[in-house]
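J.: I'd like to ask some things about the structure below.
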Ligand code: BGC
């Protein structure tokens, strides 16, 4: 299916600070990565050195045909201690934003993308009610310093992901969620109480989810209170859940816990960011393995680009908000599969638009091959390959293909 996108449709790529900047030593993931017997396959280290190479990367995006760049600012750099905000770090991000604007790239900025400052996590992190005020204070300071240059603000990235991880872990264990023992050991080695150590991704979402939602609500008000003009929203790991025979009741419950409660809490927001990679089939007792005949991505997910269309429709219906696809992509070494995946995902976006759903943009994950969290550097999500020994960037055919789609604002047969 070929088709034209509406004028003003946003075309971009995304990254997150910790996955590309390098040297994020003050955040809570750093000691978890460096620990002996770490749950991370390897440490993030220097990553893609995007902290220094941002200018080149942004220029390359423009050259390829993209109009927007979604990236995150790093709380641990901006507020390395509770009582200290770093003007130097804020100035750095002003330079990054300035570079976007100079190159005619619309900056979309996420304020929290999984990592938090170590001082915050050590002191109860997201499991404590104090997280709400602490996060809003950081957002307020950042919006005051940077807000005049930002086009769109995402408060928290995938605020529902810990809930998905928690529910799937409860189902697999058949008992209440327990934080990873290895994370607890790192907490102890840092002199922290493991019972009060709650990094975003590894936390018990029964405790942290209400705080994510309250922190988002308070951050929206704090950001708007600074006079920042940017639309503000959250991004969600929107799950396309398919009930298999016998799994209907469990699917409905999981959909409510993982998607519904978050989407409902965002009603009235300027937008919701939809982030979808695949689908999950649910049986009577929990998620089912990928069907034996299905193509599987490097993440072990089913190759299923149609998940995007389903989650856009659901997010628009339940939240009532305009939608921006803030992430969609595939971990693969075979770039031809990235193009095939993205083309099918975009056809789904066109069908949503044809049905009158207000979809404002498509941001591909990711600009660069980068640090895929616990899986290290093995999965390749980038439109642009990175040789981390030399920090050389090489755009893949998919980067040229999607850049051309962006320039034409259309999917054309054989584009
Ligand atoms: C996250 C990214 C991650 C991507 C691919 C999303 O869950 O926001 O940080 O790299 O998916 O797994």
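Computed from the coordinates by the stated procedures, all read-outs in this text should not be read as laboratory data. Note that the structure is a prediction, hence the values are computed from the model and not measured. Quick reminder, even Gly has a Cβ in these numbers, built from the backbone with ideal geometry, and neighbours come from all protein chains shown.
J.: Can you compute the helix-only [θ] at 222 nm over the chain? Use -39500 (n - 2.57) per DSSP H run of at least 4 residues, normalise by all residues, nearest 500 deg cm²/dmol. Could the numbers behind the result be given before it?
T.: Working: 15 runs with 167 residues, N = 415.
Rounded to the nearest 500, the figure is -12000 deg cm²/dmol.
J.: Can I ask one more? What ranking of 213, 78 emerges when the number of other C-beta atoms within 10 Å of each C-beta is taken as an exposure proxy, fewest first? Write out the running numbers ahead of the final one.
T.: Numbers: 213 20, 78 24.
Neighbour counts put them in this order, fewest first: 213, 78.
J.: Give the dimensionless ratio obtained when the Cα radius of gyration of the chain is divided by 2.2 N^0.38 Å.
T.: Numbers: Rg = 20.0 Å, N = 415, 2.2 N^0.38 = 21.7 Å.
Compactness ratio reported: 0.92.
J.: Using a Förster distance of 35 Å, how high is the FRET efficiency between residue 42 and residue 130, based on the Cβ-Cβ distance and rounded to 0.05?
T.: Numbers: r = 33 Å, r/R0 = 0.94.
Working from the Cβ atoms, E equals 0.60.
J.: Now a separate question. Over what distance in Å are the Cα centres of the stretch 313-335 and the stretch 28-75 separated?
T.: With the stretch 313-335 and the stretch 28-75 each reduced to a Cα centre, they are spaced 21 Å.
J.: Distance between the C-alpha centers of the stretch 219-294 and the stretch 196-218? Whole Å please.
T.: If we compute the Cα centre of each part, the gap is 16 Å.
J.: Can you tell me the alpha carbon radius of gyration of the stretch 303-387 divided by the globular rule-of-thumb value 2.2 N^0.38 Å?
T.: On the way: Rg = 14.0 Å, N = 85, 2.2 N^0.38 = 11.9 Å.
Scaled against compact globular proteins, the figure is 1.18.
J.: Describe numerically, in nm with one decimal, the distance between label points set 7 Å from Cα along Cα→Cβ at residue 391 and at residue 378.
T.: According to this spin-label approximation, the distance is 2.7 nm.
J.: Test of understanding: in a Gaussian network model of the chain with alpha carbons linked when under 10 Å, which of 143, 198, 252 would top the mean-square fluctuation ranking?
T.: Among 143, 198, 252, the largest GNM mean-square fluctuation belongs to 252.
J.: Ranking 387, 46 by Cβ neighbours within 10 Å, fewest first, what do you get?
T.: Working: 387 11, 46 14.
With the sparsest Cβ surroundings first, the list reads 387, 46.
J.: Taking springs between alpha-carbon atoms closer than 10 angstrom, which of 134, 122, 56 fluctuates most in the Gaussian network model of the chain?
T.: 56
J.: Can you check what the Kirkwood hydrodynamic radius comes to for the stretch 337-415, Cα pairs only, in Å to one decimal?
T.: Values: mean 1/r = 0.0714 Å⁻¹.
The Cα-based Kirkwood calculation yields 14.0 Å.
J.: Set the Förster distance to 41 Å, then compute FRET efficiency between residue 171 and residue 95 from the Cβ-Cβ distance, nearest 0.05. Walk me through the numbers before you get to the answer.
T.: Details: r = 46 Å, r/R0 = 1.12.
Efficiency computed from Cβ-Cβ geometry: 0.35.
J.: Calculate, in nm to one decimal, what residue 344 and residue 317 gain on full extension: separation in residues at 0.36 nm each, minus their alpha carbon distance. The partial results should precede the final answer.
T.: Details: separation 27, 0.36 × 27 = 9.72 nm, distance 2.18 nm.
Contour length minus the Cα-Cα distance gives 7.5 nm.
J.: Separate question: Roughly what % antiparallel, to the nearest 5, for the DSSP beta bridges in the chain?
T.: Numbers: 11 of 46 bridges.
Beta bridges within the chain, antiparallel portion: roughly 25 percent.
J.: Same structure again: Placing one identical point scatterer on every Cα of the stretch 99-182 and ignoring solvent, what is log10 I(q)/I(0) from the Debye formula at q = 0.27 Å⁻¹?
T.: These q points yield log10 I(q)/I(0) values of -1.36.
J.: Hull surface divided by four, with the convex hull built on the Cα atoms of the stretch 143-288: how many nm²?
T.: Details: hull surface 41.6 nm².
The orientation-averaged projected area of the Cα hull of the stretch 143-288 comes to 10.4 nm².
J.: Could I ask something else about it? How much length would be gained if the chain were fully extended between residue 400 and residue 185, taking 0.36 nm per residue of separation minus their Cα-Cα distance, in nm to one decimal? Mind dumping the intermediate values first?
T.: Details: separation 215, 0.36 × 215 = 77.40 nm, distance 4.53 nm.
Extending this stretch completely gives an extra 72.9 nm.
J.: If each residue of separation counts as 0.36 nm, what is the full-extension length gain between residue 86 and residue 354 once their alpha-carbon separation is subtracted? Walk me through the intermediate numbers first.
T.: On the way: separation 268, 0.36 × 268 = 96.48 nm, distance 4.65 nm.
Difference between extended and current length: 91.8 nm.
J.: I would also like to ask the following. Tell me, what is the FRET efficiency for residue 52 and residue 248 to the nearest 0.05, using R0 = 35 angstrom and their Cβ-Cβ distance as r?
T.: Values: r = 52 Å, r/R0 = 1.48.
Step by step, r from the Cβ atoms, then E = 0.10.
J.: Over the alpha-carbon set of the stretch 1-71, work out the extent along each principal axis and list the three values in angstrom, largest first.
T.: Each principal axis gives a Cα extent; for the stretch 1-71 these are 52, 29, 16 Å.
J.: If I take the Cα coordinates of the stretch 62-121 and project them onto the principal axes, what are the three extents in Å, biggest first?
T.: On the principal axes, the stretch 62-121 reaches 40, 22, 12 Å in Cα extent.
J.: At 20 °C and a viscosity of 1.002 mPa s, what translational diffusion coefficient does Stokes-Einstein give for the stretch 22-180, taking Rh as the Kirkwood radius over Cα pairs? Give it in µm²/s as a whole number. Display every interim value, and only then the final one.
T.: Numbers: Rh = 17.3 Å.
Translational diffusion coefficient: 124 µm²/s.
J.: Okay, moving on. What are the equivalent ellipsoid semi-axes of the stretch 369-415, built from the alpha-carbon gyration tensor (square roots of five times its eigenvalues), in whole angstrom, biggest first? Before the final figure, lay out the partial values.
T.: Details: eigenvalues 141, 31, 10 Å².
In descending order the semi-axes read 27, 12, 7 Å.
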